[in-house]
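Encoded as structure tokens, the structure appears first; notes follow it.
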Amino acid sequence: MPRNAESTAFRSALEVIRGVEPRVADAIGAELADQRESLKLIASENYASPATLLAMGNWFSDKYAEGTIGRRFYAGCQNVDTVEALAAEHARELFGATHAYVQPHSGIDANLVAFWAILADRVEAPALKRAQARHVNDLTEADWFALRRELGDQRMLGMSLDAGGHLTHGFRPNISGKMFDQRSYGTDPATGLVDYDKVAETAREFRPLVLVAGYSAYPRKVNFRIMREIADSVGATFMVDMAHFAGLVAGRVFTGDFDPVPHAHIVTTTTHKSLRGPRGGLVLCGPELADQVDRGCPMVLGGPLPHVMAAKAVALAEARRPDFADYARQVVDNAQALAEGLLRRGARLVTGGTDNHLVLIDVTGYGLTGRQAEQALLDSGIVTNRNAVPQDPNGAWYTSGIRIGTPALTTRGLGTAEMDTTAELIHTVLSQTSAGVGPDGTTSKAKYVLDPALADKVSRQASELLTGFPLYPDVELG
Ligand code: PLP
């Protein structure tokens with residue numbers, strides 16, 4: 001592709017959009033400018049390739065395609081079949097899975113598909129068998145009532161939120177917490193690591209139907225072989241949500257006991273984080289759960305998004321290339337360099353470092369809450385997000401942590417030397433920020449004091465750091 005093809009494609013698209021609603025075209029242009037300028041350390045974000053982005057903006061968006069490949073409830077889905085089959089094939093090959101379902105619109109949706117596939121397999125199917133019915137519509141009112149109660153009376157064991165688990169793993173504000181009776185496992189207070197003996201003990205006591213592993217803010221590897229043994233010991237279905245680290249699995253950084261695919265009954269992921277694809281989700285499983293997973297739409301999903309499935313096919317094809325493995329390795333090297341740079345300067349890190357793409361700074365070491373630290377860094381051109389730390393004294397809103405991740409900056413080409421500079425910038429801001437005072441004279445959890453001149457200086461240094469690593473270098477909007 002000629003170097004200017006990407007510029008031409010995006011420029012032409014903006015011109016067409018500008019002809020209808022110029023403010024949208026302007027916002028799209030402004031978003032690119034903002035992304036180019038910010039030092040993005042949000043662990044769950046990345047930059048998808050121009051090919052992936054372009055695959056989403058087209059007439060596939062117009063098509064309804066409820067059903068699965070070759071079995072649709074709508075006519076004329078032959079081209080959707082092509083892209084869905086390609087995305088599924090790439091996903092199976094990339095992750096070594098028997099079955100891939102690429103319709104979920106997001107990570108939450110992928111988890112819902114998985115939960116209902118497990119419930120259908122473990123609760124609904126046996127109930128139908130007992131009632132000698134083929135379909136839920138064939139059940140008597142009494143049997144249907146009993147089944148609905150049974151579906152709502154199942155247990156899930158997942159990682160606690162403050163240890164790094166995700167809201168969709170059975171927590172009350174999410175529908176998963178309203179569906180399941182949930183209990184959590186945390187991490188060892190001394191080491192910050194998953195305590196497998198404790199997980200096994202809790203599983204023995206609680207006897208969950210589903211054991212969930214996976215996290216949003218745990219900076220270490222999880223041994224999925226041990227987790228599977230625990231699940232087997234209590235007859236639980238073992239599910240892994242690899243939304244955050246799918247890119248590290250795809251890039252063969254996480255292998256053996258740390259690759260969830262050979263060990264879990266079912267694996268879910270987002271496609272837009274370390275995997276670097278479009279916003280979306282997918283589910284991987286063996287033949288036992290495949291039929292139930294394929295019922296995701298219309299069970300819990302709205303009609304598939306064929307334009308996003310096309311983009312998933314492109315991104316997954318990219319992830320199968322050898323250079324994606326180099327990328328994944330670099331993501332971890334960069335996270336480790338960032339962690340070392342912070343530790344050397346005196347920062348306190350949860351678990352003392354990282355094995356993956358993210359680092360969790362305990363900002364109470366700087367006398368700050370997560371909220372104060374997040375805002376002070378943002379004022380200084382560094383985009384991160386606050387996050388709870390284990391046994392967080394400041395709760396889930398203010399928090400005591402800052403989560404930083406390297407997938408996005410690694411896509412831009414920054415390496416370990418730049419991570420050390422990034423550590424210096426973060427440490428400078430956090431060590432020069434202090435907690436403010438609230439209206440009643442007490443120390444505030446939200447207000448903070450940071451010299452604006454220092455914030456400006458760090459912002460300039462952050463921009464300078466990025467100048468050598470242009471984002472979408474072949475895209476010029478003019
Ligand atoms: N699962 C995990 C572990 C996540 O970290 C996230 C998002 O942050 C999700 C699921 C939800 O993904 P989405 O925002 O695409 O629904």
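Coordinate-derived values only; no laboratory data. On a predicted model such as this, the values are computed, not experimentally measured, just so you know. Glycine also receives a Cβ, built like all others from the backbone with ideal geometry; neighbour counts cover every protein chain displayed.
Observations, loosely collected:
- Overall, the ratio between the Cα radius of gyration of region 127-217 and 2.2 N^0.38 Å, rounded to two decimals, is 1.37.
- Both numbers refer to the Cα atoms of region 60-319; Rg and Dmax are 18.2, 59 Å.
- Placing R0 at 41 angstrom, the Cβ-Cβ distance between residue 73 and residue 20 gives a FRET efficiency of 0.80 after rounding to 0.05.
- For residue 312, the aspartates and glutamates whose Cα falls under 15 Å of its own Cα, not counting residues fewer than eight places away in the same chain, are 81, 84, 89, 93.
- Sites residue 420 and residue 58 - FRET efficiency at Förster radius 30 Å, r taken between beta-carbons, to 0.05: 0.10
- Near residue 68, no amide H atom lies under 5 Å from its own; only residues 5 or more places off or on other chains count, and H is placed 1.01 Å from N.
- Restraint check, 273/457; 273/445; 63/273; 40/447; 129/273, Cα-Cα greater than 32 Å: 129/273
- Relative contact order %, the chain, counting alpha carbon pairs below 8 Å whose residues are six or more apart: 21
- Full-stretch length increase - residue 320, residue 255 - with 0.36 nm per residue and alpha-carbon distance subtracted: 21.9 nm
- Maximal additional length on extending the residue 207-residue 142 stretch stands at 20.7 nm, based on 0.36 nm per residue less the C-alpha distance.
- Order by protection proxy (mean Cβ within 10 Å, highest first), peptides 408-420, 320-332: 408-420, 320-332
- Eligible lysines near residue 178 by straight Cα distance, threshold 26 Å, same-chain separation 8 or greater: 198
- As a rough guide to protection, the peptides 5-18, 209-222 ranked by mean Cβ packing within 10 Å, highest first, stand as 209-222, 5-18.
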